[in-house]
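Notes to accompany the following structure.
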Amino acid sequence: MLRQLHKTSHYKARLTRLHAYYCNDKCSYDRTIKYIEKYIELLSMKDTTTTVETAADLHKKIGLVYFNETENYHLALKHFQKSLELHQLNDTTYNGEKSASLNQLIGACYGRLCDHKTSLMYYKQALLLYEQYSPTISDRHSMFKCLAILYHENDQFETSIEYYLKYFKLNIKDV
């Protein structure tokens, strides 16, 4: 009986995840979020490291739906922060590139909400993590442009110019 219950909850979680993907494909974003949140709830009944990592990834997906599809930056921010929090709790699978990406997304939310100082703080943290953990230049390249814009928004023109020069320097090298 206990084995059957475990199978049932496993299948229910899988089915819920499939519903979320289906709704996303049909552009029903409210339902997508509802099913992803239900999936997180079903996963929380398990107590494993992969569950924490999966929940972090799912919160990021919800944040992306809010950010890209509904432009609700407050709710996107909430889910990106939750994802970052869960990701940082998971010592066994910590990934600096994921943390950098989440810091960048949080910075983007604050930027869209016109809180440029907080946005700048998260973008600078993202750049530090990309420099430490990411072997690709493209991550840093996009960060240089974002930081140049944010420093300009904060009336720090000298620093803005420095980041624009870094951005253009990488553009010339890539050509």
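The values are calculated or read from the model by the stated rules, or taken from the named source; none is laboratory data. Predicted, not measured: the structure shown is a model, and the values here were computed from it. Here the Cβ is made from the backbone with ideal geometry for all residues, glycine too, and neighbour counts use every protein chain on show.
For Leu89, indicate whether it is under 24 Å from Val52 (Cβ atoms) and either without any contact (Cβ under 8 Å) to a residue 40 or more places away in the chain or touching a Cys at 6+ places or on another chain (Cβ under 9 Å) (or both). So Leu89 fits the description; yes. The set of residues in the range 120-161 being under 9 Å from Ala100 (Cβ atoms) and in contact (Cβ under 8 Å) with a residue 40 or more places away in the chain consists of Asp139 alone.
Scanning the range 137-148 for residues that are modelled with pLDDT of 85 or more and buried (at least 19 other Cβ atoms within 10 Å of the Cβ) returns Met143, Phe144, Cys146, Leu147, Ala148. Taking Lys166 as the residue in question, decide whether it is basic (Lys, Arg), under 16 Å from the mean Cα position of the chain (by Cα) and assigned to a helix (DSSP H, G or I). Spelling it out, it is not the case that Lys166 is basic (Lys, Arg), under 16 Å from the mean Cα position of the chain (by Cα) and assigned to a helix (DSSP H, G or I).
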